[in-house]
1. Pop a pseudo-label 7 angstrom from the Cα along the beta-carbon direction at both Thr574 and Lys229 and give the gap in nm to one decimal.
2. Taking all protein chains together and a probe of 1.4 Å, list Arg281, Arg562 from the most accessible to the least accessible.
3. Between Asp116 and Glu603, what is the label-point separation in nm under the 7 Å Cα-to-beta-carbon projection?
4. Within the chain, what percent of beta bridges assigned by DSSP are antiparallel, to the nearest 5?
5. Considering amide H positions built from the backbone, and no H for Pro or chain starts, which residues 5 or more places from Glu240, or on another chain, come under 5 Å of its amide H?
6. What FRET efficiency comes out for the pair Gln638/Asn528, r = Cβ-Cβ distance, R0 = 41 Å, nearest 0.05?
7. At 0.36 nm per residue, and after removing the present C-alpha to C-alpha distance, how many nm does the segment from Lys381 to Glu294 gain when stretched out fully?
8. Under the classification rounded if a/c is under 1.5, otherwise prolate if a/b is larger than b/c and oblate if not, where does region 299-402 fall, given a ≥ b ≥ c as square roots of the Cα gyration tensor eigenvalues?
Amino acid sequence: MNKKNGNKKIIGILGESGQGKSSLLNAILEKRNLLPSGCFGACTAVITQIEANLTDSNYIADIEAIPKENWESDLKNHFSPLRTESNEEDQNLTNDTREKITALYGANAEKGTFEDLKNDDKLAEMTNHFSSSNASDFSRRLQRYIQYSPGTAVSGGWYWPLVKCVTIKIPDCHELLEHITLVDLPGTGDCNKIRDEMWKSKLRDCSSVWILSDINRAVTSKDTWEILKYCTKDMMQAGECRDINFICTKSDNIEPEEYNSVLEDKIPEDGDLTTKCILHRNDQAKKTVLQTFENSHIKKEMDLKVFTVSSKAFFQHTLGMKHDDTEIPKLQDVLKNMNKRINQELTRGCVAEAKAVISLIQSKTMAETEVHIVLERSLEKALNKIDGQFDMLQRLLSQSLSNGVEKSELSCRDGAEEMISPYLPKGHGGFHKILQALCINGGRHRSKAWDTVLDLNECLTKHMYENIDVEFKSIFPTRVKTGLSVQELIDKFSIISSDSAHTSSPMLNFIKAQEENQKKTLKEEVVNRKKKIYTSIHETIKSAMAPYYEEAAQEKGEGCLRRKQKKLLDAIDTLKSLMFENAKQEVLKQSDELMDYIKKNLESVLKTSIQHSFAQTSKITLLDVSSEVIMLERLSMQLSD
């Protein structure tokens, strides 16, 4: 069980800064001041993972830094500001870099040169691991790696600009996080290419996502739903997310008289009006969020639950809310129940493997040559059947990809031109800086000034994805049965028919257990490879465009904006006849490799199992395992409940 416990379930936490992430996590973990307020937000863009420390009672932080060359590139771009003939400059981009430099080197750092800051090696100074048995001491040290704190960064030494990811391990939370990792995914990606790639990778690994929004904004604001819309593709088609928890935070933040005054049906003011208003608003918020979800594009793909929480009232019982009304215990139960399910699955797998070995020992005196021949024929027949089914899936995928290639070649330039050569109203300048950042970051940039993400690679792959999404969801669904999915075909695969005269044979019990174990392993492999297959379209286009992004980024001086735009559009014209076809072939190649991998593994494992089953002879004396068989049967019954 310990060997199989390496892959933890990941819960991604999404939400803009100021939504109460740190307070919520402190409450769930029942560690009041562990995570500093404001440490989770779009400002730092540091990915933070929270796990259980299962070995001792220390708080541990493991820090992964961005590559040195990546930071030096950011510095160089800051000290070589891009200018156009109108001498415009995007102040938001400049401020973003200034914040990082000030946090790291101190308030006077901008007076230095690129070489000065480059030689002040903060990466060498920064530690990559520390621990403490004291939560307050640990929290104080942690701040410098994850918190955006402009008011205290006068002397520098705040390392978050150099941090890609921090993994925090918490003691005394075995029941909550034994098999789970909570991952804070700040904002909707970062302008830093390294962080952005990791952000997307983590999102794709999430089996569940928690979306946080201040309860006062959850009902009216579109920001949260925009985050969800932006993330959907990475969560589902390119990921494994099955459910969403929408968490309305700060439910205790209410003015009861003001709230009651606008209600058509007034709440009686006798008793505790504050608590009554909180519970009333909680109920209305849940109904509104659920209704919005019912009208959304992902309703058929996901399950949604809504929670209205008060982290403050969870710790401060004087606020008048009952413990359960804070709904923190409900979220704790979500984690506890997930842990229990994973423990049960691991235990069930252990018992199944033990049963397989015991069944093999028990079969020592049976000579069933005829059954051996029947099973080998059955294996060959089952492999031929699944091979034909896989061929059919490949044809479906190929046809939809071909349609995507055709539409992409016709429309890709128009979409790209609209993105990189937009109409700019008078006074809305600075686009040259945005385009420069897009080129430096491999085709993608999150613009604070425009409050949007510009992704030229995604723009180019739009029609490819639109044309394969229906078939891809059928072949690789996240939770629903489609009748065409690879997972379902694996589930149906068996060399032992239910009407076999030998179904109660101990040898067949061994083979069936081996079959089930291998099918489970293969389904996990399908989930992992599915992500790579889906994102291979994006990666192929991004790779083809990469040298042209680099060339465009080198353009300087007067007229450089127009030259950058021309270089990118000319590149698209040159590449489009080949790169979309290459993207199609890469998807088919990877999906074919997956299906071939499934067939070969089933064949290898089951052939070996058949050989082991019938290699015993009556001359071999083994243990009497009849009592163990009874015990394992009893355990199997308990675990099936």
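The values are calculated or read from the model by the stated rules, or taken from the named source; none is laboratory data. All of these numbers come straight from a predicted model, not from anything done at the bench. Note that we place each Cβ from the backbone using ideal geometry, even for glycine, and neighbour counts take in every protein chain shown. For the accessible areas, the whole protein counts, side chains as well, though only heavy atoms, and no ligand, DNA or RNA atoms are used. Shrake-Rupley method; radii C 1.70, N 1.55, O 1.52, S 1.80 Å.
1. 3.6
2. In descending accessible area the options line up as Arg562, Arg281.
3. 6.8
4. Percentage antiparallel, nearest 5: 35.
5. Cys206
6. 0.85
7. 26.9 nm is the gain from fully extending Lys381 to Glu294.
8. oblate
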